[in-house]
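To keep things clear, I will list the structure first and then write my remarks on it.
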Amino acid sequence: MVGSYALPTNEELRIRAYGAFATQNRAVTKQDYESIAYRMPAKFGSVKRVAVVQDLDSSRRNINLYICSLTTDGELTLATDSLKKNLKTWISK
């Protein structure tokens, strides 16, 4: 199952907790978007790694999120379309 949930390490958990506190349910900075992506409930899929990059070619200051998930063997893999759609819905709320 792609996008399965693996428990974060202690260091990952510390970073995510700090990020969740800092966002205060808003998304303004790159770190806010990363934190919101990591906080998506596992029932919608699991994001293992997130990279947020501002699109310099966009006149509307768009940002791009690049995500990876895990295979059942614990290896990083490209995220499925359903995971991407779920993340888009989660962020828009």
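The values are calculated or read from the model by the stated rules, or taken from the named source; none is laboratory data. None of these values were measured; they are calculated from a predicted model. Neighbour counts run over all protein chains shown; Cβ positions are idealised from the backbone, glycine included. Note: accessible area is taken over every heavy atom of the protein model, side chains too, but ligands, DNA and RNA are not part of it. Shrake-Rupley method; radii C 1.70, N 1.55, O 1.52, S 1.80 Å.
Going by what's in this entry, would Ala22 be described as surrounded by 15 or more Cβ atoms within 10 Å (Cβ to Cβ), in contact with a helix residue (DSSP H, G or I) (Cβ under 7 Å, 6 or more places away or on another chain), farther than 12 Å from Leu65 by Cα and at pLDDT below 85?
Considered against the rule, which asks whether it is surrounded by 15 or more Cβ atoms within 10 Å (Cβ to Cβ), in contact with a helix residue (DSSP H, G or I) (Cβ under 7 Å, 6 or more places away or on another chain), farther than 12 Å from Leu65 by Cα and at pLDDT below 85, Ala22 comes out as no.
Can you name the residue in segment 25-50 that is modelled with pLDDT under 80 and in contact with a helix residue (DSSP H, G or I) (Cβ under 9 Å, 6 or more places away or on another chain) and, of all such residues, is most open to solvent (accessible area, probe 1.4 Å)? Looking at residues that are modelled with pLDDT under 80 and in contact with a helix residue (DSSP H, G or I) (Cβ under 9 Å, 6 or more places away or on another chain), I get Asn25.
Applying the set (1) over 22 Å from Lys85 (Cα atoms); (2) part of a helix (DSSP H, G or I); (3) modelled with pLDDT of 80 or more; (4) open to solvent by 50 Å² or more (accessible area, probe 1.4 Å) to Glu12 leaves exactly one unmet item: (4). Within segment 49-84, the residues that satisfy the criterion of being out of contact with any strand residue (DSSP E or B) (no Cβ under 9 Å at 6 or more places or on another chain) and not hydroxyl-bearing (Ser, Thr, Tyr) are Leu56, Asp57, Arg60, Asp73, Gly74, Glu75, Asp81.
Consider segment 54-83 and keep the residues that are open to solvent by less than 100 Å² (accessible area, probe 1.4 Å) and either free of Cβ contacts under 8 Å to residues at least 24 places away in the same chain or in contact with an Asp or Glu (Cβ under 7 Å, 6 or more places away or on another chain) (or both). The one that is farthest from Ala27 (Cα to Cα) is Cys68.
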